[in-house]
Every structure is written in C-alpha cells, then in structure tokens.
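What follows draws every value from the coordinates through simple rules; no lab data is involved. It should be emphasised that the depicted structure is a prediction, and the values quoted were computed from it without experimental measurement. When we count neighbours, we look across all protein chains shown, and the Cβ atoms used for this are built from the backbone with ideal geometry, even at glycine.
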Amino acid sequence: MALPYCEGLLLSAPKDEIRRELNRFLAEVEGKAFRMARIALRHDDDALDAVQDAMLQLARRYATRPAAEWRPLFYRILENRVRDLQRRRMVRSKVMALLPWRRDDGEETPDPVAEAPDHAPGPVEQAEGMGVLAALESALARLPPRQREAFLLRNMEGLDVAQTAAAMGCSDGSVKTHYFRAVQALKEQLGEFWT
Amino acid sequence: MNANHEADEFERRAAGVLRASATCLDGATRARLARARAAALSPVARRRGWLEFRYLAPAGAVTAAVLATVLLFGPGRPVKPVNDTSGSALYDMELLSDADAFDIAQESDLEFIEWAAAQGEQTGKGG
C-alpha cells in the first residue's frame, strides 16, 4: 500500500513499508535527477555518481522523515553533490596548472568541464527528434547554476515555488527571480529553435 | 507546471522535452540507476553508520586507555623533589608549637648555642 504524501512522520511505519515507498519515490525521480545532474556536469558517470550519492544520503538520513519532504530534500542533496563534483574538478584543474611540466608548455590549461566527454544522443533520443533536447540542454548548461537549478526544479520536476525554495535553500522571492531570468535567457538562446 | 505560475508556450514545451528525455534513457543508464537505487535501499548500506560506530567505539576506548596509561605511568610523569618535606609535617608542627625550639632553629650562630648550653650545664653542676 502506498503511503500518502503530506502524512506525519513515518517512524511508526514498518521498515519494509518505508523501503517500498522510498523505492517507489526514487524510481520516480531517478531519471529526472540523472538528467539534471548530467546537464550540470556534462558527464554520464559523474551524473550517475551524484544521483547514487543523493539516493544513499536520502535513504540513510531522511527515510523516516515525512514523504512530502523527500523530494525537496533529495534535490537539495543532489545539488550539493553536483556542486562538490564541480569544485573537485576546479581544484584538479588548478593543481594541474601548477605542475611544472604543464606550466612551461605555454598552452592554456583546458577547462575540465569543457573537456568532459559529451556523448551523442542515444538512438531513442535520435528517433524522437531530440535535436531540440540537445539545444535545450546546451542552453541550460550555459545558465548560471542557480538559474538552471530553479528552472529544472520548477519546469521539469514540477515543484512549486515553496518546494523549490526548500530544495535550493533560498527564499521564494529568489526562486521567482532565478526562474524568470532563466526563462528569459533560454528564450534568447533558443529563439531560432522554439519560435 | 503548477498553480504558482501560468506557464507560457515556451515553458510548456521545455517541460515536455525535458520530461520525455528523463523517461527515454538508454538501457545501460536505466540499469545503473536501478542498481544505485537498490544499493541505497539495501539493509547493508543503511546499516553502515551503525557498523562504523561498532568499530569506532572500541577503537576510541582502547586509544583513551593507552593515553591514560602513558599519562599516569609514562616517562613524563612528575618526580618527587629531593627536598621533599612532606614526611616531616609532624616535626614542623612540634617546631611551631615550641617557641624556644623555633628560635633556636632560626639561630645561625651555632657556636653561641653550644657555648650557652655548656654554660647552663656548668651552672647546674655548680649550683
């Protein structure tokens, strides 16, 4: 039996029931979470790592919280993990830039994010005319992180302003501002594809 | 989208494309996500925190015991001073209660003390 959202704490529910409910929730969000992480990280393996870490953290720490809180919590954990991976890449690139055999070669150190492999769309995507998706993902990747986060949580995941604010750890007003600017920027970038 | 916002055509289209992309993942990615989900929900993964505590707690106790032993019996422990007078407390009390003895003890002219004692003895014999 599925546990209804917006219920109280699930502490009294049997563990197996919580696990089933959590499994159902994670199965529902994992595809969208992977897409969000991949747009930010531009790397399949890193995106999968980020999603897996978010799943683990949610299951370990927040499984007994009300089910209604899982979604914003999960996306908050995921976004933190994505940011950690991005910071790690930045540190790695700085360390590589300091290495003597890299410093004297007179060439600019490549940006690891730009260098990350960006796999071509799969056959299913191609069959369904996902050139539009590629353009949208590319435009999203160019947005400032907070704007991208607000847009994806509101637009793809369908969270309302309050849930998005909880997931992003900011105010409702900030969410509205980030979302508005994201839409404006995307419309400017994608005008030729979308009008 | 939802009740908070009236989505325009662009937003509806973007939402449709993005949601479709999330459901049209390739088989390998789907399988990896399913494995990740199973790992997150497995009792072993959930019990890991307890396992860590189970091993960390005894290790912490052993470390504390070793540290306490080193502090109490190790080479750095304080040594009794040579001029330790803690054992002569009774003597000190007697000295303080006997005003004459205290004066004598404070006197540095030992020759005078010896002479005074000899005179006393002679006076006693003579008297």
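How large is the dipole of segment B:1-41 about the Cα centre if only Lys and Arg carry +1 and Asp and Glu carry -1, each at its Cβ, rounded to the nearest 20 debye? Each step should come with its number before you reach the end.
On the way: 7 positive and 5 negative charges, 93 e Å.
I would put it at about 440 debye.
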TODO: Ignore the peptide's own chain and count Cβ atoms of other chains within 10 Å of each Cβ in B:30-37; give me the average, rounded.
DONE: 6
Task: Ranked packing of B:24-34, A:176-186, A:148-158, most packed first, by mean Cβ within 10 Å - done: A:148-158, A:176-186, B:24-34
TODO: Place the peptides A:16-28, A:75-87 in order of packing, highest mean first, counting for every residue the other Cβ atoms within 10 Å and averaging per peptide.
DONE: A:75-87, A:16-28
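Need one value for A:32-40: mean number of C-beta atoms belonging to other chains within 10 Å of its residues' C-beta atoms. Don't jump to the answer; show the numbers that get you there.
Details: counts 5, 2, 8, 8, 2, 0, 3, 2, 0.
That average works out to 3.
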